[in-house]
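Comments concern the structure below.
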Amino acid sequence: MKILGYLTGALVIAGATHALADGMPPADPSHWRGAFVEFEGGGGHIADYDMRFPPPYQRTSGNNYVYGVSLGYLMNFNGLVAGVSAGYRYQPIEFEGIDKILGYSIRADELLHSGLRLGYAAGPVLATVNASLLYATSNIPMEDYGVGLGVSLDYMITNGLYAGVSYDHQFYRDFAGAPLDIDVDSVVFRLGYLF
């Protein structure tokens, strides 16, 4: 599964490099509009925000790959871009060391997200800030809502096909009613298409 994240990143870099090397004219900023689909892959980091796990794992954290798909719609008002999106992400990031004291592992699992994007398009580049409502599951019977905030930068390779990178921070407090506060950070490369 890690291969999907690496492959998506390689496609993003290769596509942007190819477009620049061929001297393609910059994409029209007005083309940052319409329905879109995005495929993403990258890495994530989970951390126990309030350090409530037993010693010596009070500062436990973990890293792993993440990947997913999103659908959405962008509106363009003379370069000011607003949009909505929703999607699915698989993020199996485990708290390291917890299995040694509890006898079983605890990790994030699946994520459903829906949110808003607001940004600015200048030629082939679109920069946005993003806010999302999250619904996350884990490998144990615990699931809950959270909030996500992030930023993204996309480059239109041709009028329709684009590649980019996105960072987001997920906040979960008193997860599933337990005294557990969790933060998840992720950086993903993505490849998308505007219809």
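Worth a mention:
- Take each peptide in 93-102, 170-179, count the other Cβ atoms within 10 Å of every residue, and average; sorted highest first, the result is 93-102, 170-179.
- Residues of the range 73-96 with amide N under 18 Å of a point placed 7 Å along Cα→Cβ from PHE195: 73-76, 83-88
- Efficiency of FRET between TYR73 and TYR167 - r from beta-carbon atoms, R0 22 angstrom, step 0.05: 0.50
- One decimal place: the segment SER114-VAL37 gains 26.4 nm when fully extended, by the rule 0.36 nm per residue minus the C-alpha distance.
Each reported figure results from applying straightforward, stated rules to the coordinates on display, with no laboratory input. Computed from a prediction, not measured in an experiment: that's the story for all the values here. All Cβ positions, even for glycine, are placed from backbone atoms using ideal geometry, and neighbour counts span all protein chains on display.
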